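Asks: Before I ask anything, here is the structure I am working with.
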Amino acid sequence: MDRQVTNLVITGFSGTGKSLVAKDVVRRLNWDFLDTDDEIVRQTGKPIAEIFRHDGESAFRELEREAIRKASQQKQLVIAVGGGAIVDPQNYELLSETGLIVCLEAKPEIIYERLFREAACGPETEVRPLLTVDNPLERIRQLKAKRQSYYAKADWTIHTDCLSVGEVAEEIIRAWKLLNRIDTCRLSNTSDKDIACFVETAIQSYPVFVGYGLLDKLGEKTKKVALSGTATVISDENVFSLYGNKVKGILKSAGFSVNAFVVPPGEETKSMDYAVKIYDFLVGHRTERDDIIIALGGGMAGDLAGFVAATFLRGLPWVQVPTSLIAMVDASIGGKVGVNHPKGKNLIGAFYQPNLVLADPQTLATLPRRELTSGWAEVIKHGLILDEEFVQFLESNVDGLTKLEPELITRAIAHSASIKAQVVSQDEKEREGKRTILNYGHTIAHGLEAATQYNHFLHGEAVAIGMMGAARLSQRLGLLPVATVEHQRTILQEFGLPIGFSDLDLTEVTRAMELDKKTKEKAIRWVLLQDIGKTVIRGDVSQQDVLAVLRELARS
Ligand SMILES: NC(=O)c1ccc[n+]([C@@H]2O[C@H](COP(=O)([O-])OP(=O)(O)OC[C@H]3O[C@@H](n4cnc5c(N)ncnc54)[C@H](O)[C@@H]3O)[C@@H](O)[C@H]2O)c1
Ligand SMILES: [Zn+2]
């Protein structure tokens, strides 16, 4: 499309199901709904038929135009408009400027049947006049034929004859997604070499930009995805003191008004208490639905800021600017946002995708060394589960990568982020099990983290040990040769990651692993390796094998 559409306009002849379908789409997208006819009734206090009778059609069309003008200035709105409305060129222009126009079609016979049924059991509606003429079916045919050339101008047409309301709604969302993809396709066709990948979600796709020094272009890229308004930067003290003023300056010079809310660093900040503090700040600054949130920092700031973006005013547009290695390749991609509860990590949250992700590997220069090393575990994990060639790239460039050589580190992050994007795009809401493979190493990791009250291991350190556990289990089950287990160990060690632990109560670890299961189902679903780049999910791993592997890890 050559325009930026933010609304969905549903139109079509009477009896094609506009209102019902529009309400179903609203429910699925969690957008707002406006029916221009209802709006006119609300404003004038008169039923449509009465306006027609007393004031004439032109008075009605005038009111309709005004309602359409107001509606088309909004965003994330599903607008149901009467079939006669888009015949007016001015209305059509207004609606198509900001809305994707979907026309619902049906055969005259079906329309007649539906209207007849509706009239027989429903309240008085404006469609009845169509039925009071001598030959209603013929009248429907004529009127429809007269309007057909206007309906044909819609962006998308759906023949509703054999479809349920839900199926039509689904088709509309598919159209929205498809046409938006064409939009993002155009974005990539502008040969923006900074785009590493796109994350495809149910209703749209968004770009992940990765580039050395790319922070300078944050304003430009944000504008490129059609975001505007006031930007509220949410960051922790460590990151803000290093990059806060720079980011504010960049956004301001791109034309954004900028506010900032800075929180203390550390996992304790990822809490409802801080989310509420940020809500208070946004309310105080009169933040509106078109304004944007910029999450600047590691995964903690990203999860917290994203949670606020998902919930404030039922959702603000937001941008992820990850500054830690874990955030660049993992936390910023996939739309999982949330805060911790005193009883458990990430217990409160949502799936809420950002409008874009922008990662600048240059910012890693200030990341504490231990945090950087921990991040490599997730990078390596992406290779181990899906991409042998990437593992080879990593092991051939350990020195350059760990020294953050610009070209190498940018390549590694772009590729690792693309692997995560590919997985989450196939299973956005973790319903189909495809996202499960990202949990490689995480069953034991979560056990280790919980058994040590989250204050002993960094996440990536626990994941590295967990991956060694999973590889050893794979070997015990006859899935993986010992040489591959050793191969994995070498890579992890070369990147400075731990491969075992000491001084831990193993029963604590197994208990924590049991508690970590998110469902009541009995067996833990282990992500195991069959080869480098090839996973298998197994629910039949015995407790003895797990315990034996934990003992081996304790000796490593
Ligand atoms: N949403 C997801 O899908 C997802 C995935 C993985 C992890 N996470 C979450 O992410 C968090 C862990 O992420 P993290 O490791 O980035 O933690 P973090 O955000 O706490 O950052 C780690 C430390 O590094 C500092 N830091 C970050 N970038 C810096 C930079 N460029 N220079 C100097 N200091 C910098 C931070 O201030 C902090 O002290 C956890 O809360 C975890 O639950 C979420
Ligand atoms: Zn992880």
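Asks: Exactly one of (1) surrounded by fewer than 20 Cβ atoms within 10 Å (Cβ to Cβ); (2) within 19 Å of ARG174 (Cα to Cα); (3) of a type outside the set (D, E, K, R) is unmet by GLY17. Its number?
Replies: (1)
Asks: A follow-up question, please. Show the residue pairs meeting these rules: Cβ distance below 6 Å; 6+ apart or different chains; first residue within region 452-473 and closer than 15 Å to ILE385 by Cβ; second residue of a type in the set (S, T, N, Q) and away from ligand 2 (no atom under 13 Å from the Cβ).
Replies: ALA471/GLN488
Asks: Is it the case, given these coordinates, that ASN346 is modelled with pLDDT of 95 or more and outside any helix (DSSP H, G or I)?
Replies: For ASN346, the condition - modelled with pLDDT of 95 or more and outside any helix (DSSP H, G or I) - is not met.
Asks: I would also like to ask the following. Scan LEU131, LEU100, LEU115, LEU187 and give me the residue that is open to solvent by less than 40 Å² (accessible area, probe 1.4 Å) and at pLDDT 90 or above.
Replies: Unique residue meeting the criteria: LEU100.
Asks: A further question follows. State all residues of region 441-464 that are within 26 Å of SER418 (Cβ to Cβ), away from ligand 1 (no atom under 12 Å from the Cβ) and touching a Phe, Trp or Tyr at 6+ places or on another chain (Cβ under 9 Å); if no residue qualifies, say none.
Replies: Of everything in region 441-464, those that are within 26 Å of SER418 (Cβ to Cβ), away from ligand 1 (no atom under 12 Å from the Cβ) and touching a Phe, Trp or Tyr at 6+ places or on another chain (Cβ under 9 Å) turn out to be THR443, ALA464.
Asks: Return the residues of region 193-203 that are without any contact (Cβ under 8 Å) to a residue 40 or more places away in the chain and over 19 Å from PRO322 (Cβ atoms); say none if nothing qualifies.
Replies: Of everything in region 193-203, just one residue is without any contact (Cβ under 8 Å) to a residue 40 or more places away in the chain and over 19 Å from PRO322 (Cβ atoms), namely LYS193.
Asks: Next question. Checking the condition of a type in the set (Val, Ile, Thr) and outside any helix (DSSP H, G or I), which residue from ILE385, ILE499 passes?
Replies: One residue alone meets the criteria, ILE499.
Conditions tested, residue by residue: (1) touching a Pro at 6+ places or on another chain (Cβ under 7 Å); (2) hydroxyl-bearing (Ser, Thr, Tyr); (3) part of a helix (DSSP H, G or I).
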| site | (1), (2), (3) |
| --- | --- |
| THR11 | no, yes, no |
| VAL41 | yes, no, yes |
| SER58 | no, yes, yes |
| GLN74 | no, no, no |
| ILE79 | no, no, no |
| GLY82 | no, no, no |
| TYR92 | no, yes, yes |
| LEU100 | no, no, no |
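Asks: For region 311-324: of the residues being at pLDDT 95 or above and more than 12 Å from the chain's Cα centre (by Cα), which is farthest from ligand 2 (Cβ to nearest atom)?
Replies: PHE312
Asks: Counting only residues that are in contact (Cβ under 8 Å) with a residue 24 or more places away in the chain, open to solvent by 10 Å² or more (accessible area, probe 1.4 Å) and either farther than 28 Å from TYR212 by Cα or among the basic types (Lys, Arg) (or both), how many does region 330-348 have?
Replies: The qualifying residues number 6.
Asks: For region 402-489, which helices (runs of 4 or more DSSP H) that fit wholly inside it have 2 or more residues that are open to solvent by 20 Å² or more (accessible area, probe 1.4 Å), more than 15 Å from SER374 (Cα to Cα) and at pLDDT 95 or above?
Replies: Qualifying helices (runs of 4 or more DSSP H): 406-426, 459-476.
Asks: Let me spell it out: the conditions are (1) of a type outside the set (Lys, Arg); (2) in a strand (DSSP E or B); (3) within 10 Å of ligand 1 (Cβ to nearest atom); (4) open to solvent by less than 30 Å² (accessible area, probe 1.4 Å), and LEU358 meets all of them except one. Which number is the exception?
Replies: Status for LEU358: all satisfied but (3).
Asks: At positive phi and open to solvent by less than 30 Å² (accessible area, probe 1.4 Å), is that true of GLY12?
Replies: It is true that GLY12 is at positive phi and open to solvent by less than 30 Å² (accessible area, probe 1.4 Å).
Asks: List the number of the failed condition for LEU394; all other conditions in (1) open to solvent by less than 10 Å² (accessible area, probe 1.4 Å); (2) at pLDDT below 95 hold.
Replies: Of the numbered conditions (1) open to solvent by less than 10 Å² (accessible area, probe 1.4 Å); (2) at pLDDT below 95, the odd one out for LEU394 is (2).
Asks: Right, something else. Can you name the number of the only condition in (1) crowded, with 18+ Cβ neighbours inside 10 Å; (2) under 21 Å from the mean Cα position of the chain (by Cα); (3) assigned to a loop (DSSP other than H, G, I, E, B) that VAL233 fails?
Replies: Only one criterion in (1) crowded, with 18+ Cβ neighbours inside 10 Å; (2) under 21 Å from the mean Cα position of the chain (by Cα); (3) assigned to a loop (DSSP other than H, G, I, E, B) is unmet by VAL233, namely (3).
Asks: On the basis of being surrounded by 19 or more Cβ atoms within 10 Å (Cβ to Cβ), under 23 Å from the mean Cα position of the chain (by Cα), assigned to a helix (DSSP H, G or I) and near ligand 1 (Cβ under 8 Å from one of its atoms), does ALA327 make the cut? Write out each step before concluding.
Replies: On the way: surrounded by 19 or more Cβ atoms within 10 Å (Cβ to Cβ): yes; under 23 Å from the mean Cα position of the chain (by Cα): yes; assigned to a helix (DSSP H, G or I): yes; near ligand 1 (Cβ under 8 Å from one of its atoms): yes.
The answer is yes for ALA327.
Each row is one residue, and each column tells you yes or no for (1) open to solvent by less than 40 Å² (accessible area, probe 1.4 Å); (2) away from ligand 2 (no atom under 16 Å from the Cβ); (3) in contact with a helix residue (DSSP H, G or I) (Cβ under 8 Å, 6 or more places away or on another chain).
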position	(1), (2), (3)
LEU227	yes, yes, no
LYS248	no, yes, no
LYS277	no, yes, no
LEU296	yes, yes, yes
GLY299	yes, no, yes
GLY302	yes, no, yes
ALA309	yes, yes, no
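Asks: Now, a different point. Of the conditions (1) small (Gly, Ala, Ser); (2) at pLDDT 95 or above; (3) over 12 Å from LEU296 (Cβ atoms); (4) open to solvent by less than 60 Å² (accessible area, probe 1.4 Å), SER257 clears all except one; give me its number.
Replies: SER257 satisfies all of (1) small (Gly, Ala, Ser); (2) at pLDDT 95 or above; (3) over 12 Å from LEU296 (Cβ atoms); (4) open to solvent by less than 60 Å² (accessible area, probe 1.4 Å) except (4).
The values are calculated or read from the model by the stated rules, or taken from the named source; none is laboratory data. Please read these numbers as outputs of a predicted model, since none were measured by experiment. Heads up, the Cβs are rebuilt from the backbone with ideal geometry, glycines too, and the neighbour counts pull from every protein chain shown. Just the protein is used for accessible areas: all its heavy atoms, side chains included, with ligands, DNA and RNA removed. Shrake-Rupley method; radii C 1.70, N 1.55, O 1.52, S 1.80 Å.
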